[in-house]
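Notes follow the structure.
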Amino acid sequence: METKTTTLPRITIKYCTQCKWMLRAAYFAQELLSTFSTDLGEVALIPATGGVFTVTMYHSGAGDDAAIRETVLWDRKTNGGFPEVKVLKSLVRNVVDPARDLGHTDRALRAANVPVQEGTVAGVSQGQDQGVARQGPGQGQEECQDCK
């Protein structure tokens with residue numbers, strides 16, 4: 001009897017606590033878990049500083065390649081902002097199950113003619129504070145210089 005080990009993808013969302021981006025990170029995590037449910041092994045929130053907001057996926061290689069690969073799906077500094085949820089879902093889908101139909105998300109991306117390949121800036125929310133109320137630094141916490 002052959003035993004197979006299935007390793008589901010792990011997604012990490014590293015966010016800046018000084019910039020007050022925890023709610024945004026949690027919202028993205030909720031959306032990914034709602035859409036992909038048991039196709040993901042974990043979505044982890046990682047608090048950091050320095051204006052960082054990075055979404056990374058750790059997943060098995062294709063075919064017989066059992067090595068764990070690290071794929072940066074989105075980096076605020078590289079991509080110039082935050083992804084729209086539909087773009088992030090599409091980026092995750094492209095790794096988890098490329099043949100999967102995301103329904104209204106795919107239709108919205110096609111209608112907007114948005115390319116959804118890793119490393120593109122399509123679908124970026126240009127204002128870094130768009131949709132999230134910005135608060136001042138907490139007590140004993142300096143304001144982040146990278147996100148002013």
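The values are calculated or read from the model by the stated rules, or taken from the named source; none is laboratory data. Since we're looking at a predicted model, the values are computed, not measured. As a convention, Cβ positions derive from the backbone with ideal geometry for all residues, glycine included, and neighbour counts pool all protein chains shown. Quick note on the areas: whole protein, heavy atoms, side chains included, nothing else; ligands and nucleic acids left out. Shrake-Rupley method; radii C 1.70, N 1.55, O 1.52, S 1.80 Å.
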Give the residues of the range 9-23 whose amide nitrogen is closer than 17 Å to a point set 7 Å from the Cα of Q30 in the direction of its Cβ.
13, 21-23
May I ask you to evaluate 6.51 cos²θ - 1.76 cosθ + 1.60, the Karplus curve with θ = phi - 60°, for each residue of the range 72-82 and list the ³J(HN,Hα) values in order in whole Hz, giving x for glycine and proline?
7, 7, 7, 9, 4, 6, 6, 8, x, x, 10
Of L32, L8, which has the most accessible area with a 1.4 Å probe, and how do the rest follow in descending order?
L8, L32
How do M57, M22 stack up against each other in accessible area, from largest to smallest, with a 1.4 angstrom probe?
M22, M57
Whenever you get a sec, compute what percent of the accessible area on the range 37-89 sits on carbon and sulfur atoms (1.4 Å probe).
49
Along Cα→Cβ, 7 Å out, is where each label goes; now give me the distance between the ones at T49 and T78 in nm to one decimal.
2.5
What accessible area, in Å² to the nearest ten, does a 1.4 Å probe give for E31?
40
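How would V87, V52 line up by accessible area, probe 1.4 Å, largest first? Please list the in-between numbers first.
Working: V87 0, V52 25 Å².
Solvent-accessible surface, decreasing: V52, V87.
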